[in-house]
1. Here are some conditions: (1) at pLDDT below 95; (2) surrounded by fewer than 14 Cβ atoms within 10 Å (Cβ to Cβ). Residue 82 meets all but one. Which one does it not meet?
2. Considering only residues that are of a type outside the set (Phe, Trp, Tyr) and open to solvent by less than 90 Å² (accessible area, probe 1.4 Å), look in region 30-42 and name the one that is farthest from the chain's Cα centre (by Cα).
3. Among (1) open to solvent by 40 Å² or more (accessible area, probe 1.4 Å); (2) out of contact with any Gly (no Cβ under 8 Å at 6 or more places or on another chain), which single condition is residue 45 missing?
4. Could you check how many residues of region 55-88 are touching a residue at least 24 places away in the same chain (Cβ under 8 Å), among the small types (Gly, Ala, Ser) and assigned to a helix (DSSP H, G or I)?
5. Which ones in region 11-29 are farther than 15 Å from residue 73 by Cβ, of a type outside the set (Phe, Trp, Tyr) and open to solvent by less than 100 Å² (accessible area, probe 1.4 Å)?
6. Kindly check whether there is at least one residue in region 50-58 that is at pLDDT 95 or above, touching a Pro at 6+ places or on another chain (Cβ under 9 Å) and surrounded by 17 or more Cβ atoms within 10 Å (Cβ to Cβ).
Amino acid sequence: MPKENSRAATVTGLALAATGLSHFVVPQVYEGVTKAAFPTDTRQHVYIDGAAETAIGLGIASPKTRKLALAGLVVYLLYMAVNVARNR
């Protein structure tokens, strides 16, 4: 079972990293969602979010950094939620 969990976490991490990288390739796709949290300098925040998601995803993909990356994911999600709430 742990090997299956590890494989699933690796695939999930790589998928998140790929999503993060796509922020740089097609940033316009993310502007609508990002605008809710960051109504000003939205494109800059799309790139920042892409970098964060790439780093967190790569961290989750590696068993050695997975716990730290999961903690980073929680912080990132809280950061986004607070900014959405603040800009309502």
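The values are calculated or read from the model by the stated rules, or taken from the named source; none is laboratory data. Note that the structure is a prediction, hence the values are computed from the model and not measured. Backbone-built Cβ (ideal geometry, glycine too); neighbour counts: all protein chains shown. Surface accessibility is based on the protein's heavy atoms, side chains included, excluding ligands, DNA and RNA. Shrake-Rupley method; radii C 1.70, N 1.55, O 1.52, S 1.80 Å.
1. Single failed check for residue 82: (1).
2. The initial filter retains those residues of region 30-42 that are of a type outside the set (Phe, Trp, Tyr), namely 31-37, 39-42.
Applying the additional criterion that residues be open to solvent by less than 90 Å² (accessible area, probe 1.4 Å) yields 31-32, 34, 36-37, 39, 42.
Numbers: 31: 14, 32: 16, 34: 12, 36: 16, 37: 14, 39: 19, 42: 16 Å.
Within region 30-42, the match that is farthest from the chain's Cα centre (by Cα) is 39.
3. (1)
4. Adding up the residues that qualify gives 5.
5. Residues of region 11-29 farther than 15 Å from residue 73 by Cβ: 11, 18, 21-29.
Imposing the further condition that a residue be of a type outside the set (Phe, Trp, Tyr) reduces the set to 11, 18, 21-23, 25-29.
Those that are farther than 15 Å from residue 73 by Cβ, of a type outside the set (Phe, Trp, Tyr) and open to solvent by less than 100 Å² (accessible area, probe 1.4 Å): 11, 18, 21, 22, 23, 26, 27, 29.
6. Yes, region 50-58 contains at least one residue that is at pLDDT 95 or above, touching a Pro at 6+ places or on another chain (Cβ under 9 Å) and surrounded by 17 or more Cβ atoms within 10 Å (Cβ to Cβ).
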